[in-house]
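Scroll down for the structure; my scribbles are underneath it.
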Amino acid sequence: MKFQPDNNGYYGQFGGAFIPELLYPNVKELKDNYIQIINSSEFQEAYKDLLKHYVGRPSPLYHAKRLSEKYNTTVYLKREDLNHTGAHKVNNTIGQILIAKYLGKTKIIAETGAGQHGVATATVCALMGLECVVFMGETDIKRQAPNVARMKMLGARIIPATSGSKTLKDATNEAIRYWIQHPETYYLIGSVVGPHPYPDMVARLQAIISEEIKIQLKDQTGNENPDAIIACVGGGSNAAGAFYHYLNNDKVELIAVEAAGLGVNSGESAATSQLGEVGVIHGSKTILMQDDYGQIVEPYSISAGLDYPGVGPLHAFLHESKRAKFMNATDKEALQAAYELTKIEGIIPALETAHALAVLPKMDLSKYNTIVINLSGRGDKDLETYIQHLDK
Ligand SMILES: *Cc1c(COP(=O)(O)O)cnc(C)c1O
């Protein structure tokens, strides 16, 4: 199993667990138990039951006929935007909250950038009656007011991160610091990042996406294999889930799309695979954007969910091994793709998702009969940005 991590959490040279000694017992407890918990019939029953009745799964696999016509291929959209809370993130928070409960934890901490993971975490904490503390950069608290309000209404306590650029990476640093001081809490990480076993655990919890795609595509076309699957990559969790059951199937091309911001070489970008080098960030060895002194370079994207200076170790390995093809889309291209999908299919995608849609015009589509695009989230949260740019 080439794309499964080894015992120490390494995908090739990437991964591992670079953590302060005080966190060893916590991370070890999780590492020693997560696979057994996830594979237990008790967990599977509870997880699948909540995904069905609470989240609304299976999410539809929708044949986008007008989009297909425009690009002269067959495009299916995996509708993660229709999940409760509006994105794929809840698949992971449902899974981890159950794992936290199995481990006897009563208090949950999480980091959030745009607030999407914070909302998904606060939601499942409300569902389970667990205490929830969310770390969020002060800058992000100001620019993501609706999600801050949602989290508060859901009963979460929000702690502002006031160091550095006061954004996601600073919130993550604060969360880790708090975790060291309160090792009895469960740290619920929102993407396939962080120390082992988080990247593998989150990938397994998002794998429901490709599990369903296989069944639904077979149902609709007679073949479970598309020619390509396209997904946007911030940390990489929706892409990991959409790719998961196809990783060892060379017939299916995997296309990961990063945010190029104002352009890959503009200095205002988040295209980690193009700009990054090997280093350690938030507990794992991966590729990340850094300067000559190893200091993290501030990423930029119009989409808060893709505005992260690294990618998960699985994606670093998919890039290095060339199993996945890495493409990117600028702010402008993403906006155009969002307007296009809205006009011709009546679906307003999240800005993150719009980056995945934006590569269609850049591909030679004559090679592809069937393409699946993972529609990671809905665009309600981005309406203000969409309206601001509408006339430009
Ligand atoms: C958070 C988010 C992303 C980026 O996170 P990944 O871990 O890379 O999936 C993408 N799309 C949406 C809608 C999001 O909310």
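A compact table of results
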quantity	calculated
Filtered residues of region 106-143 (kept if in contact with a strand residue (DSSP E or B) (Cβ under 8 Å, 6 or more places away or on another chain), modelled with pLDDT under 95 and assigned to a loop (DSSP other than H, G, I, E, B))	Thr106, Gly113, Gly115
Per-region count, region 297-351, residues open to solvent by 40 Å² or more (accessible area, probe 1.4 Å) and either assigned by TED's automatic domain parsing to the domain that holds Thr167 or among the basic types (Lys, Arg) (or both)	4
Single unsatisfied condition, Leu288 versus (1) free of Cβ contacts under 8 Å to residues at least 24 places away in the same chain; (2) open to solvent by 20 Å² or more (accessible area, probe 1.4 Å); (3) under 20 Å from the mean Cα position of the chain (by Cα)	(2)
Neighbours by Cβ (under 9 Å, 6+ apart or cross-chain): first from region 68-97, at positive phi and touching a residue at least 40 places away in the same chain (Cβ under 8 Å); second within 12 Å of the ligand (Cβ to nearest atom) and part of a strand (DSSP E or B)	Gly86/Gly377; Gly86/Arg378
Check on Asp364, under 25 Å from Ser273 (Cα atoms) and either at pLDDT below 95 or over 21 Å from the mean Cα position of the chain (by Cα) (or both)	yes
Yes/no for Thr167 being within 15 Å of Ala110 (Cβ to Cβ), at pLDDT below 95 and within 15 Å of the ligand (Cβ to nearest atom)	no
Subset of region 239-266 that is assigned to a helix (DSSP H, G or I) and open to solvent by 10 Å² or more (accessible area, probe 1.4 Å) - its residue that is farthest from Gln216 (Cα to Cα)	Tyr244
Residues satisfying the stated conditions in region 170-210, i.e. in a loop (DSSP other than H, G, I, E, B) and either surrounded by fewer than 24 Cβ atoms within 10 Å (Cβ to Cβ) or away from the ligand (no atom under 13 Å from the Cβ) (or both)	His182, Pro183, Glu184, Thr185, Leu188, Pro195, His196, Pro197, Ala207
Which numbered condition Leu82 misses (of (1) surrounded by fewer than 22 Cβ atoms within 10 Å (Cβ to Cβ); (2) more than 16 Å from the ligand (Cβ to nearest atom))	(2)
Any hit, region 295-316, residues being more than 26 Å from Tyr76 (Cβ to Cβ), touching a His at 6+ places or on another chain (Cβ under 9 Å), part of a helix (DSSP H, G or I) and in contact (Cβ under 8 Å) with a residue 40 or more places away in the chain	yes
Selection status of Ser269, open to solvent by less than 10 Å² (accessible area, probe 1.4 Å), more than 13 Å from the ligand (Cβ to nearest atom) and assigned to a helix (DSSP H, G or I)	no
Matching entry among Gly294, Gly279, Gly283 (being of a type outside the set (A, V, I, L, M), buried (at least 24 other Cβ atoms within 10 Å of the Cβ), away from the ligand (no atom under 15 Å from the Cβ) and more than 24 Å from Ile209 (Cα to Cα))	Gly283
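Results for (1) open to solvent by less than 50 Å² (accessible area, probe 1.4 Å); (2) polar (S, T, N, Q); (3) not in a loop (DSSP other than H, G, I, E, B), shown as yes or no for each residue.
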| residue | (1), (2), (3) |
| --- | --- |
| Tyr24 | no, no, yes |
| Glu29 | no, no, yes |
| Asp32 | no, no, yes |
| Ser59 | yes, yes, no |
| Leu67 | yes, no, yes |
| Lys70 | no, no, yes |
| Lys78 | yes, no, yes |
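The values are calculated or read from the model by the stated rules, or taken from the named source; none is laboratory data. Small disclaimer: the values here were computed from a predicted structure and weren't measured. Positions of Cβ are generated from backbone atoms using ideal geometry, with glycine treated the same way; all protein chains shown enter the neighbour counts. For accessibility, only protein heavy atoms count, side chains too; no ligands or nucleic acids. Shrake-Rupley method; radii C 1.70, N 1.55, O 1.52, S 1.80 Å.
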